[in-house]
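Visitor: Take this structure first; my questions come after.
Nothing in this text is a laboratory measurement; each read-out follows from the coordinates by a stated rule. Keep in mind the model is a prediction, meaning the values are calculated, not measured. Methodologically, a virtual Cβ is constructed for each residue, glycine included, from the backbone with ideal geometry; neighbour enumeration extends over all protein chains shown.
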Amino acid sequence: MSASGPVSESQRLALMHRLCEMLGVEEGRTLMESLPAVHWHDLATKDDVLLLKGDVLLLKDDVSLLKDDVSLLKDDVSLLKDAVLLLKDAIDANKTAIEANKAAIEANRTAIEANRTAIEANRAAIEASEHLLRTEMSAEFKMLRAEHKELQGAMALQLAKQTRTIVFTMLAFAMPTWGSILALGLM
């Protein structure tokens, strides 16, 4: 066996054959199976086991703390899951509200367009009525002017007739009076 490195498998096999020759097959195998396949200085001592036992106790405490942390994290995940579900419900409600608003906006748009069309139709009807009214008023004013001129002419004719009648009547009264005055004055 070499002291500088680990024993190879061929060296262990050779040792087992030799032990089987000297002790017998069963005893040789038992002895070889009880020998570790590592160097003696690699084997753990009681002190190593005690240190590991302390480390294991610390690890158990750490594992217990980690279990508590995992339990808290599970609670947090559960709360987050509930929050996500609430947010999903809120998002779904917002989507529904948005769709309703879109429908209302589209209905308003349609109503506005209908109102715009009605306003345009009313404007056209008003303009047509205004044009008809102007045409009728223009015709009425022309008729009134014609009637006014006709009335003026009739009044002027009546005034002229009355003036003539008054002048002739006055002359009829004045002539005898002037004749009497003249006759008296000549006398």
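Visitor: Positive end of the dipole of segment 94-173, charges at C-beta (+1 Lys, Arg; -1 Asp, Glu), about the Cα centre: which of 139, 103, 159 has its Cα farthest in that direction?
Guide: 159
Visitor: Residues with beta-carbon under 11 Å from that of residue 102, excluding residue 102: net charge, scoring Lys, Arg +1 and Asp, Glu -1?
Guide: Net charge around residue 102: 0.
Visitor: If each DSSP helix of 4+ residues adds -39,500 (n - 2.57) and the sum is divided by the residues in the chain, what number results at 222 nm, nearest 500 deg cm²/dmol?
Guide: Details: 3 runs with 166 residues, N = 187.
When only DSSP H runs of four or more count, the value is -33500 deg cm²/dmol.
Visitor: Here's another thing I want to ask about it. What is the percent of Cα-Cα separations in the chain that go past 31 Å?
Guide: 77
Visitor: Between residue 52 and residue 69, what length comes free when the chain is fully extended (0.36 nm per residue of separation minus the Cα-Cα distance, one decimal in nm)? Write out the running numbers ahead of the final one.
Guide: Values: separation 17, 0.36 × 17 = 6.12 nm, distance 2.45 nm.
Roughly 3.7 nm would be gained on extension.
Visitor: Using a Cα-Cα cut-off of under 25 Å, which lysines could be cross-linked to residue 60, ignoring same-chain neighbours fewer than 8 residues away?
Guide: Cα-Cα hits under 25 Å: 46, 74.
Visitor: Would you list the membrane-span-like helices of the chain, meaning whole DSSP H runs whose alpha-carbon atoms span at least 18 Å along their axis and whose mean Kyte-Doolittle value is at least -0.5?
Guide: Numbers: long enough: 9-23 (20 Å, -0.01); 46-186 (192 Å, 0.14).
Helices meeting the span and hydropathy rule in the chain are 9-23, 46-186.
Visitor: Normalising by the residue count of the chain, find the relative contact order in percent from Cα pairs under 8 Å and 6+ residues apart.
Guide: Rounded, it is 8 percent for the chain.
Visitor: Can you compute the modelled spin-label distance between residue 17 and residue 145, with each label point 7 Å from Cα toward Cβ, in nm?
Guide: 14.9
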